[in-house]
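Visitor: Okay, handing you the structure first.
The values are calculated or read from the model by the stated rules, or taken from the named source; none is laboratory data. Everything quoted here is computed from the prediction, not taken from an experiment. Because the Cβ atoms are built from the backbone with ideal geometry, glycine has one as well, and the counts that use them run over all protein chains shown. Note: accessible area is taken over every heavy atom of the protein model, side chains too, but ligands, DNA and RNA are not part of it. Shrake-Rupley method; radii C 1.70, N 1.55, O 1.52, S 1.80 Å.
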Amino acid sequence: MYRRVQAAQQKWGGALTAIDHWLEERQQLIISYCKLAGLPPFDDKQRAKPSQEAVQEFCQILMDYLSAGHFEVYEQIVSECAINGTDSRQLANRLYPKIAVSTDLALDFNDKYAEHFSTRQSGAFDLELSDLGQAMEERFELEDELIHTLHHKHSDRQTTA
């Protein structure tokens, strides 16, 4: 996941401020996820359940990332679709429902764990965190497809202007 965000930053960085900011938030989300899940380089052989503060921090970063996507980047993509025609609009219409699946999963995770320490004792926390990680990985792929289209169309307009 982390290598993918680095590649995205190298590929699309500097093109649009909203994308730059969003990719930085994605990077923070991935780091926070790895810490919470105990993944390298943050793995701990005697890992205990993460603290409530760590879960809250992760959930806050997760909600910030989702919000930036929906209210900044996706809005930019929609407006670009209006300019760039039906191909961009069709792509957005095809990908948004798939992205919404991970949004729902993330919102459910946040509702369940951000403020309720006792629910993490059920044993489902690690499984649900893993499921969220897989959903976010798929989301990043879909978002990258949208960013690629937005960047490509934006670059085309810049060179023809």
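Visitor: Of everything in the range 87-112, what is in contact with an Asp or Glu (Cβ under 9 Å, 6 or more places away or on another chain) and basic (Lys, Arg)? Give them in sequence order.
Guide: Answer for the range 87-112, where residues must be in contact with an Asp or Glu (Cβ under 9 Å, 6 or more places away or on another chain) and basic (Lys, Arg): Lys98, Lys112.
Visitor: So which of Gln6, Gln46 is at pLDDT below 85, open to solvent by 30 Å² or more (accessible area, probe 1.4 Å), more than 20 Å from Phe125 (Cα to Cα) and out of contact with any Phe, Trp or Tyr (no Cβ under 9 Å at 6 or more places or on another chain)?
Guide: Gln6
Visitor: Looking only at residues that are in a loop (DSSP other than H, G, I, E, B) and open to solvent by less than 30 Å² (accessible area, probe 1.4 Å) in the range 16-43, which one is modelled with the highest pLDDT?
Guide: The residue in question is Gly38.
Visitor: Taking the residues in the range 95-145 that are farther than 24 Å from Ile31 by Cβ and at pLDDT 90 or above as candidates, determine which candidate is most open to solvent (accessible area, probe 1.4 Å).
Guide: Lys98
Visitor: Under 6 Å by Cβ, and 6 or more places apart or on different chains, what pairs join a residue from the range 52-64 that is in contact (Cβ under 8 Å) with a residue 40 or more places away in the chain and crowded, with 17+ Cβ neighbours inside 10 Å with one that is of a type outside the set (D, E, K, R) and not in a helix (DSSP H, G or I)?
Guide: Qualifying pairs under 6 Å: Cys59/Ala114.
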